[in-house]
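Okay, structure first, notes after.
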Amino acid sequence: MRKIKNLYFTERFFYSLLAIVVLFIMAFIFPVLFIPVQIILALFILVTLADIFLLFNRKSGIKISRNYPEKLSNGDGNDCQITLLSHYPHRLDVKVLEELPVQFQYRDFCGNIRLWPQKPTVLSFQLRPTERGEYHFGHCNVLAKYLGFVQRRFILRSPLMLPCYPSFIQLKKYSLLATTNRLDEAGVKKIRRIGNTLEFERIREYNRGDDFRFINWKATAKIKKIMVNQYEDEKSQPIYAIIDLGRAMRMPFKGLTLLDYAINAALVLSNVAIIKQDRAGLLTFSKTIGQHIQPSRRSHQMRLISESLYHIKTKFTESEFGRLYTCAQHHINQRALLFLYTNFETMDALYRQLPYLKLLNKSHIVVVVIFKNTELGRLANTRAHKTREIYNQIIAERLVYDKQLIAQKLNASGLQTILTEPENLTVNSINKYLELKARGMI
């Protein structure tokens, strides 16, 4: 399109102009068409000038405003809105062109809406980031047209930077469910408690998900509401989320790396642990020890963990579990529950680190979290038709089998193990934590 300042000629303008040129050519062959073509050209010029006048007779024709969140949640759909208010006395058809951050790789993001006079119109959309860090938005461009021959461009010259943090949307979701004892709605299993070592705390009103065996029938009959006895779990147990930053955690699944899945799960698990009156801590490592946050349940602990997880990145080297064991011996003095988010693709990789995991398990309860390769599982279950596909399927089946052997070897070594799909990591981590807590192991 040809551009003069904020004026754009549309495709309709050029197609109409081309049609008039064709008519002029035909008028040389059929002279009787010459006068009608001249009239059509005059009308075309008048309509174009009228269109320009109607669009440019106001200095501020459209007000543009963004309604974006203060920060983005990694791996989740973040609701974003662009609000447009037209000061024109007539309706307009507009195209919104938002300059999105380069991380999204959107080259043609646009929205077509119709504006009515003095009536705010909202363009809503979702953005799903897959990387932590800073997301820089450019200008917001709006192309408005009335009769359709020209467009006027309005620009919101307001560059914007939004930080992308680990999934705080999941954090809020599981926090609410944990507070109201409704974690089962998110897929968390109800764990049967073993033994009766809990101490009575108080009588309260029944909430959905409470155990019917704890109903206090005398209190229920007295106040005519279902009341239950609430018992205290053993509190203030240290719960560590230990995240491997080695190269094995760079593997991508559905846009997110294994590290990002581990970060989101660790954040939610830490929050659930604090709600359950335990103390949550964080430790990251690769060839060296990275972030180390002592377990606590203070009010600002979750903010401290979230800020620490915001900056961490994977390394291109193999992690040294010996350094992890040495750090645990020196800095984790109390028996703790350690959720170790890592990944082993081969038995050789496991055997190199298994001695350190066994030593660590002597002093603490270690839960080793490893990931299923869902793409390999899909390939192994696909029917093969060609020789090359048969070879690929055999290799995929062998790798899937090796992953199961790794989980069995960890279990046989006395280590708690979670073998999970990346998208189910958060739920499975919470399930394991509640299971160990119900069994009285922490």
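Among the listed pairs LYS224/LYS276; LYS313/LYS372; LYS119/LYS173, which have their C-alpha atoms separated by more than 26 angstrom in this model? Before the final figure, lay out the partial values.
Numbers: LYS224/LYS276 29 Å; LYS313/LYS372 21 Å; LYS119/LYS173 34 Å.
Pairs exceeding 26 Å: LYS224/LYS276; LYS119/LYS173.
Test of understanding: extend the Cα→C-beta vector of LEU359 to 7 Å, then name every residue of the stretch 329-352 with backbone N under 17 Å from that spot.
The answer is 329-333, 350-352, whose backbone nitrogens lie closer than 17 Å to the label point.
I'd like the FRET efficiency for TRP217 and LYS173, computed as 1/(1 + (r/R0)^6) with the beta carbon distance as r and R0 of 41 Å, rounded to 0.05. List each step's numbers first, then the result.
Values: r = 34 Å, r/R0 = 0.83.
Using R0 = 41 Å, I get an efficiency of 0.75.
Among the chymotrypsin sites (Phe, Trp or Tyr not before Pro) in the stretch 224-327, which ones are in a DSSP loop with at most 11 other Cβ atoms within 10 Å of the Cβ? Mind listing them?
Numbers: sites: TYR231, TYR240, PHE253, TYR261, PHE285, TYR310, PHE316, PHE321, TYR325; in loops: PHE316.
Hits after loop and neighbour filter: PHE316.
Against the longest principal axis of the chain, how steep is helix 387-412, in degrees 0 to 90 to the nearest 10, with axes from Cα atoms?
Result, in degrees: 40.
Normalised by the empirical 2.2 N^0.38 Å for globular proteins, what value does the Cα Rg of the chain take? Display every interim value, and only then the final one.
Values: Rg = 31.3 Å, N = 442, 2.2 N^0.38 = 22.3 Å.
For the chain, the normalised Cα radius of gyration comes out at 1.41.
Could you derive backbone 3J(HN,Hα) for the stretch 110-117 from the dihedral phi with the Karplus parameters 6.51, -1.76 and 1.60 (θ = phi - 60°), listing whole Hz in sequence and x where the residue is Gly or Pro?
Each residue of the stretch 110-117 in turn: 7, x, 9, 9, 10, 9, 10, x Hz.
Hey, what angle do you get for helix 258-275 against the long axis of the chain, alpha-carbon based, 0 to 90 degrees rounded to 10?
Approximately 60 degrees, to the nearest ten.
Carbon-plus-sulfur fraction of the accessible area of the stretch 320-365, 1.4 Å probe, in percent?
Working: 1060 of 2180 Å².
Summing carbon and sulfur atoms, their accessible area is 49 percent of the total for the stretch 320-365.
Can you show me the helix-derived [θ] at 222 nm for the chain, built from DSSP H runs with n ≥ 4 at -39,500 (n - 2.57) apiece and divided by the number of residues, rounded to the nearest 500. All intermediate terms of the calculation are to be shown ahead of the outcome.
Working: 11 runs with 165 residues, N = 442.
Dividing the helical sum by the residues of the chain leaves -12000 deg cm²/dmol.
Suppose all protein chains stay in the model; what accessible area per residue would a 1.4 Å probe give for the chain, in Å²?
55 Å²
Note the direction-averaged projected area, equal to a quarter of the hull surface, for the Cα convex hull of the stretch 40-186, in nm². If you can, show how the numbers build up before the last one.
On the way: hull surface 46.2 nm².
Across all orientations, the stretch 40-186 yields a mean hull projection of 11.6 nm².
Return the single residue from ASP108, ASP244, ASP402 with maximal mean-square fluctuation; model: Gaussian network over the chain, springs between Cα atoms under 10 Å.
Among ASP108, ASP244, ASP402, the largest mean-square fluctuation in the Gaussian network model of the chain belongs to ASP108.
Under 5 Å between amide H atoms, partner at least 5 residues away or on a different chain: which partners does VAL150 have, H built in plane at 1.01 Å?
Here the answer is THR10, since their amide H atoms fall under 5 Å of that of VAL150.
Rounded to the nearest 10 degrees, what's the angle between the helix 301-311 long axis and the longest principal axis of the chain, both from Cα atoms, 0 to 90?
That helix lies at roughly 60 degrees to the long axis.
What does the convex hull of the alpha-carbon atoms of the stretch 242-339 project to on average, in nm²? Intermediate values should be presented prior to the final figure.
Values: hull surface 25.1 nm².
Projected over every direction and averaged, the Cα hull of the stretch 242-339 covers 6.3 nm².
Under a point spin-label approximation (7 Å from Cα along Cα-to-Cβ), what is the GLN38-ASP93 distance to one decimal in nm?
According to this spin-label approximation, the distance is 3.3 nm.
As an exercise, identify the trypsin sites (Lys or Arg not before Pro) in the stretch 339-442 lying in DSSP coil whose Cβ has no more than 12 other Cβ atoms within 10 Å. Show your work: numbers first, answer last.
Details: sites: ARG352, LYS358, LYS362, LYS372, ARG378, ARG383, LYS386, ARG388, ARG398, LYS403, LYS409, LYS432, LYS437, ARG439; in loops: LYS372, ARG383, LYS386, ARG439.
In loop regions of the stretch 339-442 (DSSP not H, G, I, E or B), the sparsely surrounded trypsin sites (Lys or Arg not before Pro) are ARG383, LYS386.
Once you charge only the Cβ atoms, +1 for Lys and Arg and -1 for Asp and Glu, what is the size of the charge dipole of the stretch 76-166 about its Cα centre, to the nearest 20 debye?
Working: 11 positive and 8 negative charges, 106 e Å.
It comes to approximately 500 debye.
Pop out the carbon and sulfur fraction of the accessible area of the stretch 97-172 as a percent, whole number, probe 1.4 Å.
On the way: 2020 of 3990 Å².
C and S atoms contribute 51 percent here.
Using only the Cα atoms of the stretch 121-178, what semi-axes does the equivalent ellipsoid have when each is the square root of 5 times a gyration tensor eigenvalue? Give whole Å, largest first.
On the way: eigenvalues 255, 50, 13 Å².
Square roots of five times the eigenvalues give 36, 16, 8 Å.
Which of PHE28, PHE14, PHE44 moves most in a GNM of the chain, Cα contacts under 10 Å?
Of PHE28, PHE14, PHE44, the most mobile in the Gaussian network model is PHE28.
Compute the whole-percent fraction of alpha carbon pairs in the stretch 1-121 spaced more than 17 Å apart. All intermediate terms of the calculation are to be shown ahead of the outcome.
Working: 5160 of 7260 pairs.
The calculated P(r) of the stretch 1-121 puts 71 percent of pairs beyond 17 Å.
Under a point spin-label approximation (7 Å from Cα along Cα-to-Cβ), what is the ARG58-ILE29 distance to one decimal in nm?
Taking the simple label geometry, ARG58 and ILE29 are separated by 4.6 nm.
How large is the convex hull of the C-alpha atoms of the stretch 355-442 per residue, in Å³? If you can, show how the numbers build up before the last one.
Working: hull volume 8.8 nm³, N = 88.
Dividing the Cα hull volume of the stretch 355-442 by its residues yields 100 Å³.
Starting with the highest mean, order 59-65, 142-148 by the number of other Cβ atoms within 10 Å, averaged over the residues of each peptide.
Working: 59-65: 14.0, 142-148: 19.6.
Going from most to least packed, we get 142-148, 59-65.
The values are calculated or read from the model by the stated rules, or taken from the named source; none is laboratory data. Here the structure is a predicted model, which means the values were calculated and not measured. Backbone-built Cβ (ideal geometry, glycine too); neighbour counts: all protein chains shown. Heads up: the accessible areas ignore ligands, DNA and RNA and are worked out on the full protein's heavy atoms, side chains in. Shrake-Rupley method; radii C 1.70, N 1.55, O 1.52, S 1.80 Å.
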